[in-house]
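Bear in mind that the values in this text are calculations on the coordinates, not laboratory data. Not measured: the values here are computed from a predicted model. Ideal geometry is used to build each Cβ from the backbone, glycine not excepted, and the neighbour counts take in all protein chains shown.
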Amino acid sequence: MVLFSTSKKNFIFVLLDFILLCLAFYFSYWLRYNGNIPTSEWIIFKKYVFIITIIEILGLLILRLYTHYWKYFDLYEMLSIAVALGVSGILISFSFLLQKNIVFLLPRSVLILNFLISFVLIVGYRFFLKKIWGKTNKIFINKKQKLKKILIYGAGEAGVMLLKESQKYPDLKLQIIGFLDDDKKKWGMRINNLKIFGDLTVFPSLYEKYKFSEFLIAIPSASKKRIKQIVNFVSDYNKEMKIKIVPGTREIINGEVKWEQIKKVTIEDLLGRTPIMIDDSSISQYLSGKKILITGAGGSIGSELVRQILKYKPQQVKLLGRGENSIYELLSELTLKKINLSNISTSITNIANLSSLENVFKTFKPEIVFHAAAHKHVPLMEENVHEAFLNNVIGSLNVFDMSVKYNSQKIVSISTDKAVNPTSVMGATKRIVEIILQIYAKLYPKTGFSAVRFGNVLGSRGSVIPFFKKQIEQGGPITVTDKKMVRFFMTIPEAVSLVLQSGTLGKNGEIFVLDMGEPVKIYDLAVNLIKLSGLKLDEDISIKITGLRPGEKLYEEILTEAEGISATKYEKIFVAKPEKYEMSKIDDVKDIYQNLYNLSSSELKQQIFEFIN
């Protein structure tokens, strides 16, 4: 066990502590006898001062005080000193009790005074040095390197935490100018001598006066709409201003806000969505200790399913994917996060290959199946109709069949809002999967079938946000198919959280519909991304309208005409009214499959749409 650092500075600390502890013992006698120490007591003092001081130094060593970085001396170190001195005092008392009459020669008041004075001296000079170091270091930084000037929006707990962080660590080279806040009662008041100037309207005058380079939003409870207003105001005034934001409310409650957690404002921060609260205990009940298979595990949704499911301590998780690179990247990510991979196995398998898929089910025997594997790119599937049908429809049929054959308890299939009144091949194939799932739920009630339908997820492969970002990096233009086009958006983590929550409800072919919030105009999304990139529309970069692509719709829907919608006990999850289908529909799918490559793309597309109409 390391008790002591070999640094020369730490030797000096031990020496200083030794001197101060000797002085503390002397002042204990001096106070006890009002400055007039009797000769008999002076003899006792000289006899035991070094012994007592050495015991106290040993106590500080045992609690490893000299391995602590003194520049960051704080409450933890104070408590360590108190414990060390307290335990040392107790040991000193017991050691004197073992000797005849000595305990009566050493007044108890001296021991108590010695503890108090020692604590004040040892702690006091450390705080003094810390304060001096901070000031001199700040002066040195000011001379050698320019400080980064920051204005904080939000004079609440989050803002104060960040101010203290900046003062605690001068190495960050930050200079907080002051605060803005929406609360008029706070205007003109000061926090650590830094003024709360007013609300956002005083931003321009403050910038002209202080020329700060960063604007930090420290209001975790602010709505997305309010954040969007703030970002628009600041970026419209100064497109080069770096705008950053603190983490969510949970971190504030836990007192965990650190400078390294601050991030740039992203498009996700501007979406009008409220935080999602899930029932962890109910999810844990059906996932904990289970063998879980995830198809499409390397994809955006599949990989997030893996990340979140691992938190619920399943017995085993099988990652099934068609592409080895995506599975490898996921495993590498989990390894870097120091996640134990002992209960994770992989299978590079095409779900359209029934023999290969059956081998997986036969050997693994999953209790829970999350089916996320699918081809999803609308324009590509318009050109590859056969592959869309083979992977999305036949692959799903195979997964359903194997789940039934090998007695899986539950299967949750990932669907899409493009399956509602589809105009694309991709959407139509996903609608066929929903129909098959509802039929299978009636045929095989022992297996809990359900589907979860939601819209676009931000940051997924091929989604519009990464594409727009690449276009911005290349200098534009950003291409938008139509100025009126709207889509529902959800972040990948929140979509997956709701998928897992839906799994607690599904048992009889339900199609769960996630509350996607308000639809977002793609054009507005592009404009906001331009602002967040510190650019101006039409001045630095333009937006080009290209027209709808094959299979695309201006508006997405979440329900068919025949479906109604009912609430569940979870506010962001709804269930569509189940529809009845003839069992012969399964035979119709198999007939198309048997004749698949005898059909041209246009003929196959016609049969797909005839099936769902």
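Given axes a ≥ b ≥ c from the Cα gyration tensor, I'd like to know whether segment 333-469 is rounded (a/c under 1.5), prolate (a/b larger than b/c) or oblate. Oblate is the answer for segment 333-469, as a/c is 1.5 or above yet b/c matches or exceeds a/b. Residue exposure proxy: TYR286, TYR593, ordered by other Cβ atoms within 10 angstrom of their Cβ from fewest to most, comes out as TYR593, TYR286.
Quote to one decimal, in nm, the extra length available between LYS442 and GLU571 on full extension: 0.36 nm per residue of separation minus the C-alpha distance between them.
43.7 nm
In terms of other Cβ atoms within 10 Å, MET78, MET485, MET426, MET583 run from fewest to most in the order MET583, MET78, MET485, MET426.
For segment 159-232, what class follows from the C-alpha gyration tensor (a ≥ b ≥ c being the square roots of its eigenvalues): rounded when a/c is under 1.5, otherwise prolate if a/b is larger than b/c, else oblate?
It is rounded, given that a/c, with a ≥ b ≥ c, falls under 1.5.
Counting charges near SER413 (Lys, Arg +1; Asp, Glu -1) among other residues having Cβ under 15 Å from its Cβ returns a value of +3.
Which one, SER502, GLY475, MET490, projects farthest toward the positive side of the charge dipole computed for segment 431-551 from Cβ point charges (K/R +1, D/E -1)? It is SER502.
For LYS195, the amide hydrogen comes within under 5 Å of the amide hydrogens of PHE179, counting only partners 5 or more places away or on other chains and with H modelled in the peptide plane. In this structure, the amide hydrogen of ILE411, modeled 1.01 Å from its nitrogen in the peptide plane, lies closer than 5 angstrom to those of VAL369, GLY448, PHE449, SER450, counting only residues at least 5 positions away or on a different chain. So which of LYS209/LYS244; LYS225/LYS470; LYS442/LYS572; LYS376/LYS521 end up more than 24 Å apart by C-alpha? LYS225/LYS470; LYS442/LYS572, as the Cα separations exceed 24 Å there.
The residues LYS149, LYS186, LYS47, when put in order of fewest to most other Cβ atoms within 10 Å, stand as LYS47, LYS149, LYS186.
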